[in-house]
1. Is the C-alpha gyration tensor of region 76-128 telling us rounded, prolate or oblate? Criteria: a/c under 1.5 is rounded; beyond that, a/b larger than b/c is prolate, otherwise oblate.
2. Helix-only mean residue ellipticity at 222 nm, the chain, DSSP H runs n ≥ 4 weighted -39,500 (n - 2.57), per residue, nearest 500. What is it?
3. Can you give me the distance in nm between label points at residue 20 and residue 90, each placed 7 Å from the Cα along the Cα-to-Cβ direction?
4. First check a/c for region 35-120, with a ≥ b ≥ c the square roots of the eigenvalues of its C-alpha gyration tensor; if it is under 1.5, answer rounded, and if not, answer prolate when a/b is larger than b/c or oblate otherwise.
5. Of all DSSP beta bridges located in the chain, what percent are antiparallel, nearest 5?
6. Please work out which option in (i) 30, 18, 11; (ii) 33, 16, 14; (iii) 21, 20, 15 gives semi-axes √(5λ) of the Cα gyration tensor in Å calculated from these coordinates, and answer with its label.
7. So what is the relative contact order of region 81-157, in percent, for Cα pairs below 8 Å that sit 6 or more residues apart?
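Derivation of every value follows stated rules applied to the coordinates shown; laboratory data play no part. Bear in mind that the values here come from a model prediction, so they are computed numbers and not experimental data. Note that we place each Cβ from the backbone using ideal geometry, even for glycine, and neighbour counts take in every protein chain shown.
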């Protein structure tokens, strides 16, 4: 059996936890790994693999076919993250899975607002009412504050040129 190194990201807990699982793991293997890492799992906790749209069940014997070397396991209290994006005087809302990366949210917003590729390349997502611009590989659950399941972005120019 070939072991797979996986990375665990937990809502409201910064950083990654590295773990190793054997080939063809079941959910019980993942839950054991989480328990050893001090992560509490209950009926209000959802486990997502990479950017999958649906969480895994809590059935210990459930096989995890989509887990591979380098996968990220997202442990969160949110099944979906309500995401609001403001652009100029428009706003759009969409729900994403907690493991969705900021780059995918931007791609969705660019399509929604019908931006041309040149303009899109010059814009970034910034947390509303802040100057924080999360890295494009940041999963949404890392940006959730408190017990809510929502995040707000402004789609802004990366650099402002004053003339």
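1. Details: a/c = 2.27, a/b = 1.80, b/c = 1.26.
Taking the square roots of the gyration eigenvalues as a ≥ b ≥ c, region 76-128 is prolate.
2. Working: 3 runs with 26 residues, N = 163.
-4500 deg cm²/dmol, from helical runs alone.
3. Here the answer is 5.0 nm between the modelled labels.
4. Working: a/c = 3.13, a/b = 2.21, b/c = 1.42.
Prolate, because a/c is 1.5 or more and a/b exceeds b/c.
5. Details: 25 of 34 bridges.
Of the beta bridges lying entirely in the chain, close to 75 percent run antiparallel.
6. Correct label, based on the coordinates given: (ii).
7. On the way: 114 pairs, mean separation 33.8, N = 77.
Here the relative contact order equals 44 percent.
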